[in-house]
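I have placed the structure first, in the form of structure tokens, so that the comments after it can refer back to it.
The values are calculated or read from the model by the stated rules, or taken from the named source; none is laboratory data. Remember, it's a predicted structure, so these values are computed and weren't measured experimentally. A quick note on method: Cβ atoms are made from the backbone with ideal geometry, for glycine too, and the neighbour counts reach across all protein chains shown.
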Amino acid sequence: MNEKLAERFFSTRKNVDLNLEPERGIVADMLRRGIKIAPLWLLFVLLIWGTDGVASAAYGIALVFANFVAAAALLTWAGRISPAALMFAALGGFILRLAALTVAVIAASKIGVFEPAPLGITIIVSHLGLLVWETRYVSLSLAYPGLGPTHLAQKKCKEMK
């Protein structure tokens, strides 16, 4: 087998294996982006709310990351069963994870370093911000059900009339 052909085959095979569980790839990419921006957010919170605010914001970031990981794990598990299980896991999992976030916030409110404003802002902004940021990298093709290949995202298509 030609060396270049073997390299293409194995690199393509690796990409196919990564797209078998698109939820896991998307969440891993979201967490990678979130970890990059988290220190800047924590520094901003430190300047406004002090150390108690940083502790609350860090707790909020951990809750958001855990929420995304739980969603990916639940959807990956249900996707292997059936489309009906996937739909049930998406709706039921959302309600369950929302309840878990509520319990986690209420439990944290009993701690002395709790600051509700930075925690709430962190949870809302990081959920929405990471989801909107990630839409730029998710493929809308059945050929690449998760993250699209990087070379396709950079192509500019001409409009046909």
Legend entry - Any chance Ala70 is in contact with a Lys or Arg (Cβ under 8 Å, 6 or more places away or on another chain), under 24 Å from Arg33 (Cβ atoms) and among the aliphatic types (A, V, I, L, M): yes
Inset, instruction - Scan region 103-161 for residues that are hydroxyl-bearing (Ser, Thr, Tyr), surrounded by 13 or more Cβ atoms within 10 Å (Cβ to Cβ) and at pLDDT 80 or above and jot them down. - result: Thr122, Ser126
Inset, instruction - Out of Ala84, Ala28, Ala55, report the one residue that is of a type outside the set (Val, Ile, Thr), at pLDDT 90 or above and surrounded by 11 or more Cβ atoms within 10 Å (Cβ to Cβ). - result: Ala55
Legend entry - Subset of region 59-81 that is β-branched (Val, Ile, Thr) and farther than 15 Å from Asp29 by Cα - its residue that is modelled with the highest pLDDT: Ile61
Legend entry - Top-ranked residue of region 31-52 - restricted to ones that are of a type in the set (Val, Ile, Thr) and over 14 Å from Pro118 (Cβ atoms), ranked as surrounded by the fewest Cβ atoms within 10 Å (Cβ to Cβ): Ile35
Legend entry - Failed item in (1) over 26 Å from Thr122 (Cβ atoms); (2) assigned to a helix (DSSP H, G or I); (3) not basic (Lys, Arg), with Leu98 passing the rest: (1)
Legend entry - Selection count, region 58-78, where residues are more than 14 Å from Glu21 (Cβ to Cβ) and either surrounded by fewer than 18 Cβ atoms within 10 Å (Cβ to Cβ) or of a type in the set (Gly, Ala, Ser) (or both): 5
Legend entry - Tally, over region 77-87, of residues that are assigned to a helix (DSSP H, G or I), over 25 Å from Ile123 (Cβ atoms) and out of contact with any Gly (no Cβ under 9 Å at 6 or more places or on another chain): 4
